[in-house]
Amino acid sequence: MAAGLLTDFRKLVTATKFQTVFMIIPINTYSDPVLSMKAKPLKGIDASIEELIGSMFESMRNAEGIGLAAPQIGHSLRLLVIDLSCMDSHKDAKPMVVINPRILAVKGRNAYDEGCLSVPGVTGEVVRPSAIQLHYRDEHFEEHTDEFSGMMARVLQHEIDHLDGTLFVDRMDKRDRRKIQNELDAIADGRTTPAYPIARNAVAVEARG
Ligand SMILES: [Zn+2]
């Protein structure tokens, strides 16, 4: 998900074990096939996964995001990162790595205006459960079952959707979705230039010759 303010990256690296400088990887955008795929579970953590996690935090921070799923930088794996600490309301939030998540139970429902680094410049109201019980593994591949509500429940569900090939615009009311179709077409045609690097998908590049 996107957020308006810049994350303090120094705070992030001291809060995680990822202290190296990682690469900023261009973000895949709406209509890229990788965003419609069902991502594969991770079998464990190795050096390449640790590097990927570091690059995900770096790419998310660079794009001023609060959540990023691995498919958004071209890796179809069930892995996502979240850092809400750039939001005024969540300054003390710790960065979080979530691997192979499975929602066990949901409670309540609420509406919230979502945005997505893969759908630059577009926001729209999505109704989702307001609290979830989640089974997942952390960056050490250790298992957890925790309950989340508020912003964490919202961002987790948005990012988990990415692992199943679903974007927030797919969950919008059909009438609302029609109103943003021109903006979506502009992204698909490569006519959008956000303030962070995006991966031009093969179809769009071909179409431009
Ligand atoms: Zn997203």
Sorted by chain and then number, the residues having a modelled amide H within less than 5 Å of the amide H of Leu117, at least 5 places away or on another chain, are Ala2
For the chain, averaging the sequence separation of alpha carbon pairs under 8 Å that lie six or more residues apart and dividing by its residue count, the contact order in percent is 25 percent
Gyration tensor on Cα atoms of segment 94-204, a ≥ b ≥ c root eigenvalues, a/c under 1.5 rounded, else prolate if a/b beats b/c, else oblate, says oblate
Expected unfolding gain across Arg178-Ala195 under the 0.36 nm per residue rule, minus the alpha-carbon gap, is 3.6 nm
For segment 90-99, Karplus-derived ³J(HN,Hα) couplings (6.51, -1.76, 1.60; θ = phi - 60°; whole Hz; x for glycine and proline) come out as 9, 3, 8, 5, 8, x, 9, 10, 10, 10
Taking the convex hull of the alpha-carbon atoms of the chain and averaging its shadow over every direction gives an area in square nanometres of 11.3 nm²
Checking rank on 44-51, 175-182, 22-29, with mean other Cβ inside 10 Å and highest first, the result is 22-29, 44-51, 175-182
Under 5 Å from the placed amide H of Ile27, counting only residues 5+ away or on other chains, we find Ile198, Ala199
For segment 47-156, shape from the Cα gyration tensor axes a ≥ b ≥ c, cut at a/c of 1.5 then a/b versus b/c, turns out oblate
Quick calc, the chain, dipole around Cα centre from Cβ unit charges on Lys, Arg (+) and Asp, Glu (-), nearest 20 debye, gives 380 debye
Karplus-derived 3J(HN,Hα) from phi for segment 35-45 (6.51 cos²θ - 1.76 cosθ + 1.60, θ = phi - 60°), whole Hz, x at Gly and Pro, runs 7, 9, 8, 7, 6, 8, x, 7, 9, x, 10
Taking every other residue with Cβ under 13 Å from the Cβ of His135 and scoring Lys and Arg +1, Asp and Glu -1, one gets -2
Row for segment 72-135, column shape: gyration tensor on C-alpha, a ≥ b ≥ c, rounded if a/c < 1.5 i.e. under 1.5, prolate if a/b over b/c, else oblate; value rounded
Ser48 and Ala186 label points (each 7 Å along its Cα→Cβ direction) are spaced in nm at 3.8 nm
Env charge @ Met23, Cβ radius under 14 Å, K,R +1 / D,E -1, value -2
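Bear in mind these aren't lab numbers, they're just calculated from the coordinates by the rules spelled out. All values derive from a computational prediction rather than experimental measurement. Neighbour counts run over all protein chains shown; Cβ positions are idealised from the backbone, glycine included.
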